[in-house]
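The values are calculated or read from the model by the stated rules, or taken from the named source; none is laboratory data. Worth saying up front: this structure is predicted, and the values here are computed from it rather than measured. Here the Cβ is made from the backbone with ideal geometry for all residues, glycine too, and neighbour counts use every protein chain on show.
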Amino acid sequence: MARRPSLPTPAPLRHRAERHAHRGLLTHRSVADALISLAGIVGQPVRNQAGDEVGRVADVVARWDGGPYPPATGLVVKVGRRPAFLPIAQVATMKADEVRLRSARLDLRDFQRRPGEVVLGRDVLDRQLVDVDGVRVVRASDLYLARVGLAWRLVGVDVSFQSLLRRLGPARRRHRATPDRVLDWSAVQPFGSQPGELRLSRSSQALKRLRPSEVADLLEELGRDERQALLDALDPGVAADALEEMQPEELEQLLREAPVARAAALVAAMEPDEAADALRDLGPEERAELLDAMPDETAGDLAALLTFSEESAGGLMTTHLVTVPVGTSVQAVRDRLREETEHRADVDRVLVIDDDGTLVDDLALFDLFLADPTASVDDLVEPPWPVTVHADASLEEVVARLVDSRAASVVVVDAADRPIGRILADDVVDALVPEKAKLRFPRILA
Amino acid sequence: MTALDPFERRPRAPNVAVPGALGDAGPAPGAPDDGAGPTLGPPAPRRTRRRRALVVLAVLGPGLIAANAGNDAGGIATYASAGAQFGYRTLFLMVLVTVALVVVQEMSARLGAFTGEGLVSLIREQFPLRAAALAVVCLIVANLGLVVSEFAGVGAAFELFGVSRYLSVPIAALVLWAMVVFGSYRYAERMFLMLGLAFIAYPVAAILGHPRWAAVGAQTAFPHFVASEPFLILAVAIVGTTITPYMQLYQAAAVADRGLGPEDYPLVRLDTIVGTIAAEIVSMAIIIATAAVIGGTGALGSAEDAAKALEPVVGSAAKALFGIGLLGASALAAAVVPLSTAYAISEAAGVERSVSSKFTEAPVFLGLFTAQIVIGAAVALAPGNLIKLLINTQVLNGLIAPVILGFILVLANRREVLGDAVNGPRFRVVATICVAVVSLLAVAVVVQTVASWIR
């Protein structure tokens, strides 16, 4: 299925403006001079009070404390060939090309990573990060530290090609910060620390502002562990919404990579028609495996949907219907609709059925809104009669029915005239828009 | 199709027969079982997991596709040249190279399955930036060499049909570029694949050509070195065309990109090993078929001579069949290789992000792709013998291969990358020997070349 186009909203634009403000600060000469480039400080000397070199910086350790700018907790210093941990409290000054100790001698401790700590050079530099404001996946070319109050904090991440070239260049120029395309750290979603325990270190507020299509873009661009970590951080409903927006091939891969239980939970949380599409793309064995892991009711519904061809009315429809029996009061219907707030996009009309489940009428929300709350839905049953198709109707027939009736949706009924689904006009549009001729290249060839 | 059975909709049924994956669904010995497995939820029954991978591999078989990439224009030229110049004498080398290739491809597939990442991405994350840059530069040079050889292949194919390469190569470059950029490449890809199938005729030709099987057996089983410069250079060309960095990239990427993980690995490994050996049997068939018909007649001079090897199968149509196969294999790789290079570089440098969604809005990616096509086509137009050019690009690949192999070996030796799937001590020894031998050959060619300048 073609991806649903998403309309730009003012929100991301505002974020971009904010980012430019941050960038302005970082590009300011005095600030830029005070920035410590992580790539630059690695390899620089650590000197004691007397100015004698006692070791060389090997890495910087920071603690993911949930705040926007993680504090540095210490340095990994190589003394001879041995790596040792230097708590930040022992550091008197840190310059781009030198670290000075408070004391005359270095208090050596073996480095042991404590929970929540991240070794920046090893775990973050050169790895993927999510730029939440720009909604894209970036790779860290360099990280910048700055003195904020009493602490050294991680303030920004450099994503420019220039910084890569600087790191490739001669060593004596390497420590000079080149804040060119720098993202403020507060606008970045980093990933965890150790392989195997990769998870989002702080569930960014910014992440929650993303629209499903934006999350889908990010999921498509991330590596395997990172995308599972991002899924972990998302609310299951939000994750399912995002999955609905993903390219079919990418979704197929994601579901295959994910543990069965999670994949099943995600698919079960998707809208039934999208979930059925996703399942169709998997092999029969994988499909059966996922259906087995779902709640029985959901699995049954999806299995029923899967019996229809993707090109037919049955394949286009959603099974999410609001159905009320004849004789229901308008007030009861309204209460019922209130429970459906979450699915408002899929609820176009309310179906009235008689005792044996056959379709009586398809009521517009507008009519229900104007009707007297104490009245019965029976009073609203009148021509025009519902626009219906059978599940095996072709796309052309569905389009023809919609065009003839000028309706926003058609009801799909079975042989006994019982409603089994609804096709919304937007799903028809999706089906009619030719899949964008686009080149999908293995994401990971890099 | 309006059939009500959606399960028949896609050719993904497990009973599709593709060589390479269907031999044995049982557990492969020594395959790592858990460790990196997912922790969420109850573990899936192993059986369905395995069969799941079987479905994917049976249809797509990345191992076979990757290894068969070695049988492109450069490969055909090199193997045919080996057969023409030295008869069956290079066959023992093919056995050694196949062992090395299996070892290397297996490591690449394992890296792809256990990390879910491609090789360039892993190298960028695991090595110092300068080392990573070295790897990327080597990759660019190797792949550019490959692009040159593919366009040379296109030129040679059209010359068989009497079309000058000064006409065919620029047009082919333009058409391929336009097809990729404007998005109709997918259809062309299938056509090229079909054309490339013409080379299935080689194993048949190897049998119908009545080679001296006793000699074939002896030369395969026992090493027969020929102490001459042409033999050494051809040996490196064989190594270069068989163990191409592109194949390792593709292998890792294809496994990771299909979502095949640690629990699918036993089958991935089987596919890799069987696919690689199958592709190398085709390569050996090229040498045998060519040796049987024109063996010992000296260095291969033209594509026309190479085509003679297929005469036992199709007689006078050999030239046409060879031309069609060469065109298909060359055109396919001429688009795919620059694409994969551009993708790898963009992603490693982090300069382009939405490559897969907005192709034409990615100027750096597009620029890299275009530059490779232009350079590849331009070099292929330089005056001189196309077959020589083809073999020289493979020698270049042979010189670069050890560098990339070294990176792969280090990655596969690292426990922090692969966890319990890391190279075992014995495997490590074998793999190190393979890389060392390939490196030695490359060094020998460099020394030889430098020495010849001094003289």
Residue among A:Ser163, A:Ser103 that alone is over 20 Å from A:Gly67 (Cα atoms), touching a residue at least 60 places away in the same chain (Cβ under 8 Å) and of a type in the set (Ser, Thr, Tyr): A:Ser163
Residue match in the range A:383-398 (condition: modelled with pLDDT under 90, exposed (fewer than 14 other Cβ atoms within 10 Å of the Cβ) and in contact with a His (Cβ under 8 Å, 6 or more places away or on another chain)): no
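Residue-wise test of (1) among the basic types (Lys, Arg); (2) in a helix (DSSP H, G or I); (3) closer than 23 Å to B:Ile404 by Cα; (4) within 13 Å of chain A (Cβ to nearest Cβ).
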position	(1), (2), (3), (4)
B:Phe225	no, no, no, no
B:Ala235	no, yes, yes, no
B:Val239	no, yes, yes, no
B:Met247	no, yes, yes, yes
Subset of the range B:218-275 (residues that are among the aliphatic types (A, V, I, L, M), over 26 Å from B:Ser439 (Cβ atoms) and surrounded by fewer than 24 Cβ atoms within 10 Å (Cβ to Cβ)): B:Ala218, B:Leu270, B:Val274
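Okay, residues lined up against (1) surrounded by fewer than 24 Cβ atoms within 10 Å (Cβ to Cβ); (2) farther than 30 Å from A:Asp225 by Cα:
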| position | (1), (2) |
| --- | --- |
| B:Ala73 | no, yes |
| B:Ile76 | no, yes |
| B:Tyr79 | no, yes |
| B:Gly83 | no, yes |
| B:Met107 | no, no |
| B:Ala113 | no, no |
| B:Ser121 | no, no |
| B:Phe127 | yes, no |
Counted residues, the range A:263-309 - those being surrounded by 19 or more Cβ atoms within 10 Å (Cβ to Cβ), free of Cβ contacts under 8 Å to residues at least 24 places away in the same chain and β-branched (Val, Ile, Thr): 0
Complete set of residues in the range A:263-276 that are within 14 Å of chain B (Cβ to nearest Cβ) and modelled with pLDDT of 85 or more: A:Ala263, A:Ala264, A:Ala265, A:Leu266, A:Val267, A:Ala268, A:Ala275, A:Ala276
Members of the range A:127-172 that are farther than 26 Å from A:Leu218 by Cβ, within 14 Å of chain B (Cβ to nearest Cβ) and of a type in the set (Val, Ile, Thr): none
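This table checks each residue for (1) in contact with a helix residue (DSSP H, G or I) (Cβ under 9 Å, 6 or more places away or on another chain); (2) within 19 Å of A:His343 (Cα to Cα).
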site	(1), (2)
A:Gln228	yes, no
A:Gly237	yes, yes
A:Gln253	yes, no
A:Arg256	yes, no
A:Ala264	yes, no
A:Asp281	yes, no
A:Glu297	no, yes
A:Ala303	yes, no
A:Gly314	yes, no
Scan of the range A:413-429 for residues that are outside any helix (DSSP H, G or I) and among the aliphatic types (A, V, I, L, M), ordered by number: A:Val413, A:Ala415, A:Ala416, A:Ile420, A:Ile423, A:Leu424
Any chance B:Leu101 is in contact (Cβ under 8 Å) with a residue 60 or more places away in the chain and closer than 24 Å to B:Ala371 by Cα: no
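Rundown of residues vs (1) on the phi > 0 side of the Ramachandran plot; (2) part of a helix (DSSP H, G or I), yes/no style:
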position: A:Asp346; (1), (2): no, no
position: A:Gly357; (1), (2): yes, no
position: A:Asp361; (1), (2): no, no
position: A:Leu368; (1), (2): no, yes
position: A:Asp378; (1), (2): no, yes
position: A:Pro384; (1), (2): no, no
position: A:Val398; (1), (2): no, yes
position: A:Val411; (1), (2): no, no
